[in-house]
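The values are calculated or read from the model by the stated rules, or taken from the named source; none is laboratory data. Worth saying up front: this structure is predicted, and the values here are computed from it rather than measured. So basically every Cβ, Gly included, is an ideal-geometry build from the backbone, and we count neighbours across all protein chains shown. These accessible areas exclude ligands, DNA and RNA; they are computed on the full protein's heavy atoms, side chains included. Shrake-Rupley method; radii C 1.70, N 1.55, O 1.52, S 1.80 Å.
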Amino acid sequence: MNSIDVFCPGSVANISCGFDILGLCLDSVGDTMRVKKVSKKGITIKSISGYNLSLKTNENAAGVSALALINQYKNIDYGFEIEIIKKIKPGSGIGSSAASASGSVFAINELLGKPFSKNELVKFALEGEYICSKSYHADNISPLIFGGITLVRDHKELDIINLPIPSELYVTIIHPQIELKTSDSRSIVDRNIHISKMTEQSANLGAFISSLYKEDYELLKRSIKDVVIEPCRSKLIPEFKSLKKIALKNNALGFGISGSGPSMFSLCKGIKSANSVIKNMEYQLDKIDINYKCYISKINKEGLKILWCFTA
Ligand code: HSE
């Protein structure tokens, strides 16, 4: 295989009750990346369309994670050239850097004949994620590499668990067109939380995971809560409170900040419910004239996908 095109999906990290450890993979929004074997050694970022990002390998999430991978693969006498069509806006909260960081390592691993495990790919992709967010969190990367919904029990030991996906679960995303850098959004999170909040958050996290195994939508609804991060971050997001009210009134199972924001997500039972949640939120946003994009997605069980490959 000499050249490969991959779909690099967006993701929702945290899912309210699992800061830095829960994530789900989206299906309806993502970048496309082409990676080719070339005679020039190392990693070259040939082009990025869609958004203005650095083409310097060591400043780009896709480049940094690819470098981490080839540094572990000895005796390689050729290199890789990367072209990215970015559809996920950087600073959107739906895993733009994770899409780039994991797309390149997934594609190169395929071109090399899959010498690396999924856990190793997460480890390389984390280096790319770090360049953008200044922190090692694997909650966006893991669902792209493992597919579906994942729990990162430990990102150093790379103990990553695939969770079950309730069959009727849909995700809605509202993305107000403002940029919120993950590093800024992380800097305002309260580092000292009261033990009662820790108890509440862990009870919800446990219940949420149990609801996935039991396919219990009522339990899921009771447990998608964030009493720790959302109170700090929601202040930065226009219309957060009013949209949350609308989503819950229209039978969303839960509503919260997607990753570090400004995108907001809701989980819904069935497509009808997802459509009604989006329609009512759009109505509110159109009234107050805020630019936004919206998506409805099933949970993407596969994660990163090969779209096309070429063997000379
Ligand atoms: N868990 C990370 C955060 C995700 O909330 O900062 C960033 O997309």
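Shape call for region 143-281 from the C-alpha gyration tensor, a ≥ b ≥ c root eigenvalues: rounded (a/c under 1.5), prolate (a/b greater than b/c) or oblate? It is rounded, given that a/c, with a ≥ b ≥ c, falls under 1.5.
For the chain, the antiparallel share of DSSP beta bridges with both residues in that region comes to about 85%. From the mean inverse distance of alpha carbon pairs (Kirkwood) and the Cα radius of gyration, derive Rg over Rh for the chain. The Rg/Rh ratio comes out at 0.98. For the pair D190 and K245, a Förster radius of 30 Å applied to the C-beta separation gives a FRET efficiency near 0.80, rounded to the nearest 0.05. Listed by number, the DSSP H helices of the chain that run 20 Å or longer by alpha-carbon position along their axis and have mean Kyte hydropathy of at least -0.5 are 96-111, 118-133, 195-214.
Within the accessible surface of region 134-253, defined with a 1.4 Å probe on protein heavy atoms only, the carbon and sulfur portion equals 53 percent. Taking every protein chain into account, the accessible area of region 107-166 amounts to 37 square angstrom per residue (probe 1.4 Å). Distance between the modelled labels on N291 and I161, one decimal in nanometres: 4.2 nm (7 Å Cα→Cβ projection).
At the residue level, F7 shows approximately 30 square angstrom of accessible surface with a 1.4 angstrom probe and all protein chains present.
Each of R153, R186 has its accessible area taken with a 1.4 Å probe; listed largest first, they run R153, R186. For C132, the accessible area of its heavy atoms, probed at 1.4 Å with every protein chain present, is near 60 square angstrom. Sequence-distant contacts, meaning Cα pairs under 8 Å at least 6 residues apart, place the relative contact order of the chain at 26 percent.
Helical runs (DSSP H, four residues minimum) scored at -39500 (n - 2.57) apiece and divided by the length of the chain put the mean residue ellipticity at 222 nm at -11000 deg cm²/dmol.
When both bridge partners sit in region 7-144, DSSP labels roughly 65% of those beta bridges antiparallel.
Remark on L26: its backbone amide H falls under 5 Å from those of G10, S11, V12, N300, a criterion applied only to residues 5 or more positions apart or on other chains, H modelled at 1.01 Å from N. Scalar couplings 3J(HN,Hα) for region 36-52, obtained by applying the Karplus form with A = 6.51, B = -1.76, C = 1.60 to θ = phi - 60°, are 10, 6, 9, 6, 5, 5, x, 10, 10, 8, 7, 7, 9, 10, x, 9, 8 Hz; x denotes Gly and Pro.
For region 128-150 versus region 97-127, the inter-centroid distance based on Cα atoms is 11 Å.
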